[in-house]
Structures are given as structure tokens and as C-alpha cells.
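Working notes for the structure below.
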Amino acid sequence: MTLSEKFFKKAQQVIPGGVNSPVRAFKSVGGTPPFIREAQGATLIDVDGKRYIDYVGSWGPMIAGHSHPHVVSAIKNTAEKGASFGAPTYAEVYLAQKIVEIVPSMEMVRLVNSGTEATMSALRLARAATKRDAILKFDGCYHGHADSLLVSAGSGAATFGVPSSPGVTSKTAEDTLTLPFNDLQAVDALFLKKGMQIAAIIVEPVAGNMGCVLPKPGFLEGLRRICDTYGALLIFDEVMTGFRVDRGGAQHYYNIKPDLTTLGKIIGGGLPVGAYGGRRDLMEQISPSGPVYQAGTLSGNPLATAAGMAMIKIISAPGFYETLDWRTQRLTDGISDVLTQAGVPHLGTRVGSMFGLFFTDEPVVENFEQAARSNMNRFNRWFHGMLGEGVYLAPSQYEAGFLSFAHTDSVIDETLAAAKKVAATLMD
Ligand code: HOZ
């Protein structure tokens with residue numbers, strides 16, 4: 001029995017499913033998740049001493065690679081001066097200022113502790129500002145685990161076949177309208193009927209929780225137009241895409257201005273963080289400047305803020321995103337080549353350093369239904385094959401992959417050599 005197996009067995013006695021976030025349990029792919037001992041650069045090392053090239057990157061935050069020395073020293077230096085005060089610090093202002101400077105639509109920002117907190121707070125604000133109850137989300141998009149967002153959700157909810165969770169009251173679910181991602185006609189038709197009841201459209205501008213699914217040309221622009229026509233707010237959930245697909249996020253990449261944006265992951269440098277922000281007239285409705293209540297003891301936590309600031313400095317180096325972009329292109333092209341050579345039907349997707357791979361015959365994957373039609377069995381064999389070769393991919397077809405700056409050419413070569421071996425076994 002490996003140490004990971006021992007730990008997993010013990011964990012299941014005291015933690016539901018043995019994990020603190022469902023997808024980590026490997027339930028859909030089977031087997032035991034490696035328990036991680038440490039990580040450096042592009043590499044994870046598990047408790048049994050096995051090394052993996054990591055394409056999960058803590059599900060997005062580790063864009064500079066694990067244990068980047070600048071992030072580590074920012075955390076160390078800050079910890080020596082106190083971990084939390086529950087009182088304002090200047091570092092929060094500095095981070096907020098940086099975010100507002102970099103993300104085109106954000107005039108003000110409130111720091112919170114997770115992406116879930118960010119999305120649920122943004123929705124509360126949208127409802128308060130528009131005095132409407134309903135929201136529209138898209139099937140397979142995941143916006144955290146707040147009640148109103150656990151309807152037709154992606155990520156773990158889709159992976160485990162419970163996209164609409166028990167425990168969410170039917171009254172709450174009623175206010176969450178859902179449509180297929182990328183179906184602008186359906187959005188137009190819904191707004192024609194119910195437009196004046198809808199407070200907001202919330203969308204992952206690049207969906208990263210049903211695999212990586214790109215917006216069709218015109219889709220995001222169409223959402224903007226519809227929101228403007230009906231006085232609804234457009235919320236971009238950029239927890240995953242923010243500072244990832246581009247320094248200014250998907251909104252900069254696609255040149256669309258949402259009313260509100262949610263962030264997380266990279267802006268905490270690997271520590272727990274979230275943020276929501278946008279138009280000043282909206283954000284000024286947040287307590288204590290306005291009546292919409294939202295609070296948190298650890299919000300703007302000094303350690304998370306310091307790690308986030310260090311991370312933003314690293315990613316602001318000239319050429320950072322260009323380098324990530326071509327390295328990711330090299331990786332995804334390389335994987336596609338070896339799968340094609342082995343006769344494995346597949347479809348690769350990518351924006352910046354975020355990527356996906358569907359084992360499918362279909363020429364495009366534009367929504368959850370198409371993503372769900374891909375060959376899960378083949379994905380599982382791919383996943384375990386790669387893991388066996390020392391490449392750690394997300395353990396679900398419904399997740400995206402992430403590359404970091406530490407994934408150098410030689411790391412990518414190593415990955416492609418593993419992919420070639422595994423691809424050769426997939427059609428047996
Ligand atoms: N739902 C997260 C990714 N989309 C997984 C988070 C985790 O397990 O850490």
C-alpha cells in the first residue's frame with residue numbers, strides 16, 4: 001500500500017469523500033489521488049516521492065509556477081509581522097489599485113476570500129441595483145457553490161452528475177434561469193419574454209468548468225447588447241480567466257466591458273482570495289458606503305494580499321504572456337499531433353495558457369451538451385496513462401488545464417514524450 005493510499009483511507013473516515021473539494025477525490029476517473037508533499041516550478045512531488053509535471057496549477061493560481069521565490073518571500077516577510085488584523089492595511093489599497101489599473105472595467109473592487117464569495121456577492125449587488133430577482137447562467141458554467149448558482153453547474157457538480165444540488169430550495173432555483181452556453185438566439189428569446197425580471201447574466205467568458213469551451217465570435221458581444229437593451233447587468237466570472245488568458249483577463253482579450261467582474265485564484269498567489277468589482281455607481285452600493293451588505297473577517301488578509309501583489313509583479317514582466325502563449329501552443333499542438341498520429345479522435349481548445357482536450361468526433365465543442373458527448377472512458381484512460389508517466393492532469397473531463405511560466409521547453413518535451421506513449425494505447 002502506498003502512503004497516498006494509506007492517507008486517503010484515513011481521510012475518508014474524517015473528511016467527506018476524503019477531500020476538501022470534490023473533484024480531487026478522483027471519483028470519476030477512479031483510483032487514489034496522490035497526496036502532495038511539495039511543489040516547485042512545474043513539478044509536484046507526492047508523499048511517496050513520485051514526481052509529476054503539473055498541469056492543474058492549483059486549478060489556476062500558480063501561473064508563475066509553484067513556490068516562486070518572490071511569492072514565498074512576500075508570504076514569509078508578511079507572516080513575521082502578523083497574519084491577520086481584521087483592520088485596514090495599506091497592502092489592500094495597493095492590491096485594489098493594481099486590479100483597478102489592470103482590469104479594464106473595474107473602477108472599484110472589494111476583496112473577499114474565495115471565488116464563491118465573489119460571485120454570490122456580485123449577484124446580491126446586481127439584484128439590489130436592478131430591483132429584480134432572476135439571473136441567467138449557462139449550463140455547465142460553474143460559479144462556485146452558492147445556492148442560486150448550483151443549478152446546471154459544471155466542474156464537480158457535472159462530474160458527479162448532480163448539476164443542481166439537493167439542499168437548494170426550489171424557490172431559490174426558480175430564480176436561476178439557465179440556457180446553453182454560446183446560444184445567443186436562446187438568450188434573445190428568453191429576454192423577449194422575461195427580460196424585465198432578469199437582474200443579471202453571469203457567464204464565464206471562457207468556460208473552464210465543462211472542459212475549456214471558447215465563446216463563439218459574437219456571443220459575448222451579444223450578451224452585452226442584450227443586457228444594455230433590457231437594463232440587466234453583465235457579470236463576467238473571471239475567477240479562472242482573470243490574469244490568466246491575458247493580463248487584463250478575458251474582457252481585455254475579447255474587448256468587452258462587463259458591469260461587474262469576479263476574480264480569485266491568481267490575485268492571491270495561491271492563498272485563499274476572491275474579489276468582485278466593476279462600475280463605481282454599482283460598487284458604491286456595497287456596505288458601508290451603501291446598503292448592500294457583505295463582510296468578512298479574513299477579507300483583504302495580509303498574507304493573501306502580499307502573495308497576490310508579488311504574483312502581479314511577476315506576471316507584469318515584459319513578454320510574460322507572450323512566452324506563456326507560445327509555450328501553451330507548442331504543448332497543445334504537440335498533443336494534438338501525437339493523438340492524430342495514433343488515430344485518436346479529439347478536439348483541443350486553448351486561450352492563452354488555459355486549455356482543454358475533448359475525446360470526440362465532433363468538429364466543435366461549444367456547449368455542455370457537446371462536451372458531455374465526448375468519450376469519458378477514453379478520457380479516463382488518457383488521464384491514468386499520463387499520471388502513470390508522471391504528468392498530472394485535472395482528474396475530470398469537465399476541467400481545464402493550465403500552464404505556468406515554469407513549464408519550459410524541456411518540460412513540454414517531456415510531456416509530449418509521455419503523451420506519445422499514452423496516445424498509442426488509447427485505440428486498443
Ligand atoms: N471546482 C474546482 C475546479 N473547477 C476544483 C477545486 C479544487 O478541487 O481545488
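Any idea which of Phe359, Leu111, Gly248 is furthest toward the positive side of the dipole for the chain, if Lys and Arg beta-carbons carry +1 and Asp and Glu beta-carbons -1?
Checking the options against the dipole of the chain, the answer is Leu111.
To the nearest 20 debye, what is the magnitude of the charge dipole of segment 1-149 about its Cα centre, counting +1 on the Cβ of each Lys and Arg and -1 on the Cβ of each Asp and Glu?
280
Whole percent per 20 Å bin, from 0 to the bin with the longest distance: what is P(r) over all C-alpha pairs of the chain?
Bins of 20 Å from zero give 27, 59, 14, 0 percent of pairs.
Taking a 20 Å limit on the Cα-Cα distance, which of the listed pairs Lys27/Lys171; Lys193/Lys257; Lys257/Lys313; Lys131/Lys193; Lys10/Lys265 fall beyond it?
Pairs exceeding 20 Å: Lys27/Lys171; Lys193/Lys257; Lys257/Lys313; Lys10/Lys265.
Let me check I've understood the local charge: for Tyr293, count other residues with C-beta under 15 angstrom from its C-beta, Lys and Arg +1, Asp and Glu -1. What total comes out? Numbers along the way, then the final one.
Values: positive: Arg110, Arg124, Arg127; negative: Glu117, Glu284.
Net local charge, Tyr293 excluded: +1.
How much accessible area per residue does the chain have, in Å², with a 1.4 Å probe? It would help to have the intermediate numbers written out before the result.
Details: 17870 Å² over 428 residues.
Computed with neighbouring chains in place, this is 42 Å² per residue.
Need one word for segment 272-428: rounded, prolate or oblate. Basis is the Cα gyration tensor (sqrt eigenvalues a ≥ b ≥ c); a/c below 1.5 gives rounded, then a/b vs b/c decides. The partial results should precede the final answer.
Working: a/c = 2.61, a/b = 1.85, b/c = 1.41.
Cα axes put segment 272-428 in the prolate bin.
Suppose every K and R has +1 on its Cβ and every D and E has -1 on its Cβ; what is the size of the dipole of segment 248-345 about the Cα centre, in Debye to the nearest 20? Walk me through the numbers on the way to the answer.
On the way: 7 positive and 7 negative charges, 39 e Å.
With Lys and Arg at +1 and Asp and Glu at -1, about 180 debye.
The values are calculated or read from the model by the stated rules, or taken from the named source; none is laboratory data. Being a predicted model, the structure only gives us computed values, none of them experimental. Heads up, the Cβs are rebuilt from the backbone with ideal geometry, glycines too, and the neighbour counts pull from every protein chain shown. Heavy atoms of the whole protein, side chains included, go into the accessibility calculation; ligands, DNA and RNA do not. Shrake-Rupley method; radii C 1.70, N 1.55, O 1.52, S 1.80 Å.
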